[in-house]
Amino acid sequence: MMSPDSPSARVSLLTRLTRGEPLSFGQQLKMLVFLSVPAVLAQISSTVMQYIDAAMVGHLGAGEAASIGLVASSTWLFYGLSMAAGAGFSVQTAQKIGAGALREARNIAGQGLRLTFVFSIIMGALGALISPFLPELLGGSPEINVNAAWYFLIFALFFPAVQLNGTVTGMIQSAGNMAFPSFLHVVMCVLDVVFNAVLIFPGCDLELPFGVLHLPGAGLGVAGAALGTGLAELIIAGILLFYLLRRSPVLKKHPDEQTRFVSRDLRSAVRIAVPVALEQMLMSGAYITFTVIVAPLGTVALAANAFAITAESLCYMPGFGIAVASTAIIGQVAGAGLFDTAKRLGRMCVSMGMLVMAVMGTLLYVLAPEIIGVMSQDPAIRSLGTTVLRIEAFAEPMFAVAIVANGVFRGVGDTLIPSIFNFASIWLIRLPLAALLAGSFGLPGVWFAMTAELCVRGVLFLRRLLGDSWIRRFREKAAKNAPS
């Protein structure tokens with residue numbers, strides 16, 4: 001049976017490219033598609049998990065749905081910091097693999113696993129400590145604060161599993177294997193459905209032709225949604241870790257190799273991760289501020305906002321999948337010294353992302369009532385959620401530029417300027433405009449502000465992509481570090 005890392009068409013095209021073999025335009029496009037599709041499926045599956053939680057909890061009532069929406073921006077902050085911590089090591093791993101330095105790649109992966117796990121323990125403990133006070137700080141009403149606190153507490157306790165899942169996935173993907181972790185993320189969605197069904201709702205009796213079937217249920221409500229997702233994350237993280245350490249042909253642990261902490265690797269990880277972490281903190285702070293702007297608009301607006309954000313993420317997750325693939329591709333190609341090829345592939349990745357997300361934006365506009373309707377039967381929530389989704393759908397192509405170009409830049413360790421772009425556009429455009437429009441136009445005004453900001457951000461990233469400063473700096477660093 002072929003291993004997921006074996007030289008299949010998906011992997012061999014990238015390997016041939018990093019070895020200096022010429023590939024036609026068609027072969028390069030095929031490589032991008034084959035590596036992107038599994039990553040897209042993985043990103044969609046993670047969003048489907050949020051969609052599942054929202055849909056299942058939404059059937060309990062608007063208050064329960066709003067309680068998850070209230071702390072959603074805070075969980076995004078933790079997810080973002082988790083991603084930043086893992087990126088500091090997975091980007092270097094891809095670059096070393098592209099350069100053929102496999103022993104160094106394995107050592108970087110070992111350092112990353114240890115340090116990110118320690119980081120996740122600290123962050124999980126911090127999240128648990130602030131969970132009782134967080135909903136009130138976010139402006140939540142008393143009727144939803146208790147459920148919101150329980151949801152965030154359980155999320156924080158499972159955060160080490162979230163971090164391990166993300167870090168190991170990034171390591172495996174850095175070796176060019178998108179398929180195996182993507183498959184497991186789909187499995188994680190299935191587990192989430194099963195666990196949620198058992199944990200959210202109370203048990204019931206189902207009448208069948210051959211008798212009565214008792215379906216077990218814990219009836220934990222919002223807390224059950226958090227617990228179900230956490231258990232699914234934990235199981236998949238364990239499987240991924242086993243594969244990385246025991247089965248991955250490129251990165252599995254060798255008996256004669258011991259992980260050594262190398263100051264150069266740690267400095268590079270900090271240089272890559274810190275701008276991303278600061279960006280995630282500032283952007284999540286912006287999302288929290290965004291929630292604070294929406295919260296006074298009422299429970300219906302808060303629930304509609306939460307559902308619309310979850311639904312819209314189904315639209316842009318393909319862009320994030322392409323971005324993940326582009327980071328691995330550009331990292332390996334640039335690590336092999338093929339700088340002009342990396343620049344060309346980066347533009348191809350962004351073009352593909354724009355096309356995919358333009359299609360997704362069209363579907364989002366057309367299917368908005370049905371998408372919101374799955375998560376809530378409340379007519380007011382459905383109407384408001386549909387309106388704001390249709391406003392934002394027009395921004396998807398330019399949002400794709402920002403998402404995928406960010407992944408391209410990250411492949412060469414260029415994280416500072418993109419982080420500044422993300423921070424400045426949200427804090428200087430989205431939030432002031434949202435605060436200005438919320439009073440007169442309510443939630444639709446807030447989402448118009450989001451749409452305008454995403455378009456501006458896309459323009460900033462596109463201008464940088466079309467230049468060569470992002471690849472030139474990596475080329476200069478590679479020349480400086482090359483043996484004389």
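The values are calculated or read from the model by the stated rules, or taken from the named source; none is laboratory data. Not measured: the values here are computed from a predicted model. We place every Cβ from the backbone using ideal geometry, glycine too, and count neighbours over all the protein chains shown.
Of the residues A286, A303, A295, which single one is in contact (Cβ under 8 Å) with a residue 12 or more places away in the chain and crowded, with 22+ Cβ neighbours inside 10 Å?
On the way: A286 fails: crowded, with 22+ Cβ neighbours inside 10 Å; A295 fails: crowded, with 22+ Cβ neighbours inside 10 Å.
Among A286, A303, A295, only A303 is in contact (Cβ under 8 Å) with a residue 12 or more places away in the chain and crowded, with 22+ Cβ neighbours inside 10 Å.
Out of I330, I309, report the one residue that is of a type outside the set (F, W, Y), more than 27 Å from F290 (Cα to Cα) and either assigned to a helix (DSSP H, G or I) or touching a His at 6+ places or on another chain (Cβ under 8 Å) (or both). If you could, list the steps in order and put the result at the bottom.
Details: I309 fails: more than 27 Å from F290 (Cα to Cα).
Exactly one of I330, I309 is of a type outside the set (F, W, Y), more than 27 Å from F290 (Cα to Cα) and either assigned to a helix (DSSP H, G or I) or touching a His at 6+ places or on another chain (Cβ under 8 Å) (or both), namely I330.
For the range 1-37, which residues satisfy the criterion of being assigned to a loop (DSSP other than H, G, I, E, B), over 21 Å from G321 (Cβ atoms) and either among the basic types (K, R) or at pLDDT below 75 (or both)? Show your work before the answer.
Within the range 1-37, the first condition is being assigned to a loop (DSSP other than H, G, I, E, B), and the residues that meet it are 1-8, 19-24.
If we keep only those that are over 21 Å from G321 (Cβ atoms) as well, we get 1-3, 6-7, 19-24.
Result: M1, M2, S3, S6, P7, R19, G20.
Tell me the residue from A334, A311 that is crowded, with 22+ Cβ neighbours inside 10 Å, within 23 Å of K477 (Cα to Cα) and in contact (Cβ under 8 Å) with a residue 40 or more places away in the chain, please. Explain how you work it out, then say what you get.
Working: A311 fails: within 23 Å of K477 (Cα to Cα).
Only one candidate qualifies: A334.
Suppose we filter T327, T341 for residues that are β-branched (V, I, T) and surrounded by fewer than 24 Cβ atoms within 10 Å (Cβ to Cβ); which single one remains?
Numbers: T327 fails: surrounded by fewer than 24 Cβ atoms within 10 Å (Cβ to Cβ).
Step by step, each of T327, T341 is checked, and only T341 is β-branched (V, I, T) and surrounded by fewer than 24 Cβ atoms within 10 Å (Cβ to Cβ).
Kindly evaluate E396 against the criterion of being modelled with pLDDT of 90 or more and either surrounded by 20 or more Cβ atoms within 10 Å (Cβ to Cβ) or within 16 Å of V37 (Cα to Cα) (or both).
Numbers: modelled with pLDDT of 90 or more: yes; either surrounded by 20 or more Cβ atoms within 10 Å (Cβ to Cβ) or within 16 Å of V37 (Cα to Cα) (or both): yes.
Yes.
With respect to I108, determine if the residue is crowded, with 21+ Cβ neighbours inside 10 Å, assigned to a helix (DSSP H, G or I) and of a type in the set (V, I, T). Walk me through how you get there before you give the answer.
Values: crowded, with 21+ Cβ neighbours inside 10 Å: yes; assigned to a helix (DSSP H, G or I): yes; of a type in the set (V, I, T): yes.
The answer is yes for I108.
State whether one or more residues within the range 347-364 are at pLDDT 90 or above, polar (S, T, N, Q) and either surrounded by fewer than 22 Cβ atoms within 10 Å (Cβ to Cβ) or part of a helix (DSSP H, G or I) (or both).
Within the range 347-364 (the criterion being at pLDDT 90 or above, polar (S, T, N, Q) and either surrounded by fewer than 22 Cβ atoms within 10 Å (Cβ to Cβ) or part of a helix (DSSP H, G or I) (or both)), the answer is yes, since at least one residue qualifies.
From (1) buried (at least 16 other Cβ atoms within 10 Å of the Cβ); (2) touching a residue at least 24 places away in the same chain (Cβ under 8 Å); (3) under 29 Å from E64 (Cβ atoms), pick out the condition that doesn't hold for F421.
(3)
Somewhere in the range 205-221, is a residue buried (at least 19 other Cβ atoms within 10 Å of the Cβ), in a helix (DSSP H, G or I) and either at pLDDT below 85 or not β-branched (V, I, T) (or both)?
Just the residues of the range 205-221 that are buried (at least 19 other Cβ atoms within 10 Å of the Cβ), to begin with: 220-221.
Cutting the leftovers down to in a helix (DSSP H, G or I) gives us none.
Among the residues of the range 205-221, not one is buried (at least 19 other Cβ atoms within 10 Å of the Cβ), in a helix (DSSP H, G or I) and either at pLDDT below 85 or not β-branched (V, I, T) (or both), which makes the answer no.
Cβ-Cβ under 8 Å, sequence separation 6+ or interchain: first residue in the range 186-200 and in a helix (DSSP H, G or I), partner acidic (D, E). Which pairs?
M188/E233; D192/D53; N196/D53
Here's a check for you: in the range 246-265, which residue that is buried (at least 17 other Cβ atoms within 10 Å of the Cβ) and of a type in the set (A, V, I, L, M) is nearest to the chain's Cα centre (by Cα)?
Let us first name the residues in the range 246-265 that are buried (at least 17 other Cβ atoms within 10 Å of the Cβ), namely 248, 250-251, 265.
Right, trim to of a type in the set (A, V, I, L, M) and you get 250-251.
Working: V250: 24, L251: 23 Å.
Within the range 246-265, the match that is nearest to the chain's Cα centre (by Cα) is L251.
I need a count of the residues in the range 291-319 that are among the aromatic types (F, W, Y) and within 17 Å of F78 (Cβ to Cβ).
To start, the set of residues in the range 291-319 that are among the aromatic types (F, W, Y) comprises 307, 316.
Keeping just the survivors that are within 17 Å of F78 (Cβ to Cβ) gives none.
The qualifying residues number 0.
Checking the conditions here, which among S383, S419, S425 is touching an Asp or Glu at 6+ places or on another chain (Cβ under 9 Å), assigned to a helix (DSSP H, G or I) and within 18 Å of I309 (Cβ to Cβ)? Please lay out each step first, then the result.
Numbers: S383 fails: touching an Asp or Glu at 6+ places or on another chain (Cβ under 9 Å); S419 fails: within 18 Å of I309 (Cβ to Cβ).
None of the others qualify; the one that does is S425.
Could you check how many residues of the range 38-80 are of a type in the set (S, T, Y), over 17 Å from G298 (Cα atoms) and at pLDDT 75 or above?
4
Take P255 and tell me if it is free of Cβ contacts under 8 Å to residues at least 24 places away in the same chain and either more than 30 Å from P444 (Cα to Cα) or not aliphatic (A, V, I, L, M) (or both). Steps first, answer last, please.
Details: free of Cβ contacts under 8 Å to residues at least 24 places away in the same chain: yes; either more than 30 Å from P444 (Cα to Cα) or not aliphatic (A, V, I, L, M) (or both): yes.
Judged against the criteria, P255 is a match.
Tell me yes or no: at least one residue of the range 115-129 is touching a helix residue (DSSP H, G or I) at 6+ places or on another chain (Cβ under 6 Å), touching a residue at least 60 places away in the same chain (Cβ under 8 Å) and crowded, with 19+ Cβ neighbours inside 10 Å.
no
Any residue that is of a type in the set (S, T, Y) and closer than 30 Å to L338 by Cβ - is there at least one of those in the range 440-451? Give the steps one after another, and end with the answer.
Let us first name the residues in the range 440-451 that are of a type in the set (S, T, Y), namely 440, 451.
When the remaining residues are screened for being closer than 30 Å to L338 by Cβ, the result is none.
No, the range 440-451 contains no residue that is of a type in the set (S, T, Y) and closer than 30 Å to L338 by Cβ.
Quick test for you: out of G413, G407, pick the one residue that is in a loop (DSSP other than H, G, I, E, B), touching a Gly at 6+ places or on another chain (Cβ under 9 Å), modelled with pLDDT under 95 and within 30 Å of G88 (Cα to Cα). Show your work before the answer.
Numbers: G407 fails: in a loop (DSSP other than H, G, I, E, B).
Criteria check complete, one pass: G413.
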